[in-house]
Amino acid sequence: DQQVKQNSPSLSVQEGRISILNCDYTNSMFDYFLWYKKYPAEGPTFLISISSIKDKNEDGRFTVFLNKSAKHLSLHIVPSQPGDSAVYFCAARLGGSEKLVFGKGMKLTVNP
Amino acid sequence: NAGVTQTPKFQVLKTGQSMTLQCAQDMNHEYMSWYRQDPGMGLRLIHYSVGAGITDQGEVPNGYNVSRSTTEDFPLRLLSAAPSQTSVYFCASGRDSEAFFGQGTRLTVV
């Protein structure tokens, strides 16, 4: 039973438009959420995170929104660039634990 | 500026063979971890360590052993490889927003 769900396996957007990547979770004990980005043949790299006590965190073109009541978070990329094309993983940390639970990932393609 | 170094990058094993995947970091992080990535499964935690001499199991620990004798190194041992262990393995150093991943080891068990 997946605790962190990325239900869309892929997304394709035009350069300059907004990319919205969604993530749902089932465990209310998660206290911290992160997004990682992965290029082929490389390890994941940290992108942005949000604590469960906040509902928004912004870093340049990247914004993460958290809706605790819906157990839903989303990553917005504005404007999208071809270099953003990668696989994006949503991850959640159990409160009081060191363990991260990852979603299956979603492949984003930004077309020039 | 090495960061996290994993060796080897590629490996083919026969069923029943043993091997060790190496992971070394030069950032003096206490926390290190091993993940496997399988198609459609995302990243799953195998084992982790919060410091030298301390290890614990993750989500999918069966078939793998770890030890942490130094802060820098965190090797992952496959005692008797099985085809189900065919995967891409990632070592990470640091936690959460400070997690740095290695480039991965692609392991095939035939």
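Readers should treat all values here as calculations from the given coordinates under stated rules, not as data from a laboratory. If you're wondering where the values come from, they're calculated on a predicted model, not measured in any experiment. Note: ideal-geometry Cβ built from the backbone for every residue, glycine included; neighbour counts use all protein chains shown.
Some points to look at:
- Debye intensity ratio in log₁₀ form over the Cα atoms of chain A, taken at each q of 0.12, 0.15, 0.17 Å⁻¹: -0.38, -0.59, -0.76
- Which listed pairs, of A:LYS37/B:LYS14; A:LYS37/A:LYS104; A:LYS5/B:LYS14; A:LYS5/B:LYS9, have C-alpha distances above 23 Å, in listed order: A:LYS37/B:LYS14; A:LYS5/B:LYS14; A:LYS5/B:LYS9
- Shape of the protein assembly as shown, Cα gyration tensor, a/c cut at 1.5: prolate
- Cα pair distances exceeding 18 angstrom across region B:13-107, given as percent: 40 percent
- Rounded to the nearest 20 debye, dipole of region B:1-103 from Cβ charges on Lys, Arg, Asp, Glu: 420 debye
- Taking only the C-alpha atoms of region A:21-72, the Rg (one decimal) and the largest Cα-Cα distance, Dmax (whole number), read 12.0, 37 Å.
- Considering only trypsin sites (Lys or Arg not before Pro) in DSSP loops that have at most 13 other Cβ atoms within 10 Å, the longest stretch of chain A without any of them is A:55-112.
- Projecting label points 7 angstrom from Cα along Cα→Cβ for A:LYS54 and B:ASP73 puts them 3.9 nm apart.
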